[in-house]
Amino acid sequence: MLNKQRTMIIVPHLDDAEFGMGGTLIKLCKENDPKDVKIVVLCEGRDAENAEARLKAYAKNIFLVGFQTCVYHYKDMELELVPLKEITKLIEDELEDFKPSRIFTTSESDIHQDHQICAKAVKIACRPNRYVIDEFYEFMIPDNNPWNATYYDTVVDVSDVQIMKTTICEVYTSEKYSTINSREFFRTIHRNWKI
């Protein structure tokens with residue numbers, strides 16, 4: 001699955017790629033030229049303070065993992081206010097520029113509205129006869145919401161990069177909650193989700 005291909009990961013939030021498919025992201029960058037892996041992020045945060053903290057964490061992960069990126073400046077939880085046509089055009093432009101043959105994005109069945117909107121716009125942008133996309137994958141962001149359950153038909157063994165995945169997730173201190181032991185939470189995610 002992780003053979004050498006130009007890969008684009010399109011997500012609504014700065015931490016979605018790491019939380020949702022961090023192990024796969026690390027393996028993609030290790031097994032491919034990092035210039036052939038690009039993350040497109042639609043939203044920068046909820047507010048200026050949140051955006052600054054998340055951008056700093058994201059910058060650390062760019063350094064640690066080594067991938068290309070482009071961050072747009074929409075606000076979290078406000079993608080529904082942006083015309084779908086505008087988001088789709090932005091993604092089409094990114095696809096035209098980068099020319100990936102493999103796409104990862106959030107799942108349209110996720111309960112988070114930004115994840116749904118992002119997935120829908122990516123599917124529209126990747127419609128047949130427009131771009132040659134050999135592989136298309138959706139992923140969920142693991143959380144403690146029982147309604148966010150999905151079954152997968154593709155699993156990547158990331159046991160060899162589990163420690164690094166935990167590290168890249170833990171840089172997002174603004175996403176830690178006092179009721180959750182984050183290191184144990186990420187270990188549980190890794191054991192149960194293997195992504």
Take the residues in segment 12-48 that are basic (Lys, Arg) and either in contact (Cβ under 8 Å) with a residue 60 or more places away in the chain or touching a Pro at 6+ places or on another chain (Cβ under 7 Å) (or both); name whichever of them is nearest to PHE104 (Cα to Cα). LYS38
Out of ASP110, ASP114, ASP76, which single residue is in contact with a strand residue (DSSP E or B) (Cβ under 6 Å, 6 or more places away or on another chain) and more than 17 Å from MET8 (Cα to Cα)? ASP76
Odd one out for LYS4, checked against (1) assigned to a loop (DSSP other than H, G, I, E, B); (2) under 8 Å from the mean Cα position of the chain (by Cα); (3) among the charged types (D, E, K, R): (2)
Count of residues meeting criterion [buried (at least 16 other Cβ atoms within 10 Å of the Cβ) and either out of contact with any Pro (no Cβ under 7 Å at 6 or more places or on another chain) or among the acidic types (Asp, Glu) (or both)] in segment 71-97: 12
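Would you check if ASP110 is crowded, with 18+ Cβ neighbours inside 10 Å and in a loop (DSSP other than H, G, I, E, B)?
Details: crowded, with 18+ Cβ neighbours inside 10 Å: yes; in a loop (DSSP other than H, G, I, E, B): yes.
Taking the combined requirement at face value, the residue satisfies it.
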For segment 32-55, give me the residue count where each residue is surrounded by 14 or more Cβ atoms within 10 Å (Cβ to Cβ), assigned to a helix (DSSP H, G or I) and at pLDDT 90 or above. 2
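The values are calculated or read from the model by the stated rules, or taken from the named source; none is laboratory data. Just so it is clear, the structure is predicted and the values come from calculations on it, not from any experiment. Note that we place each Cβ from the backbone using ideal geometry, even for glycine, and neighbour counts take in every protein chain shown.
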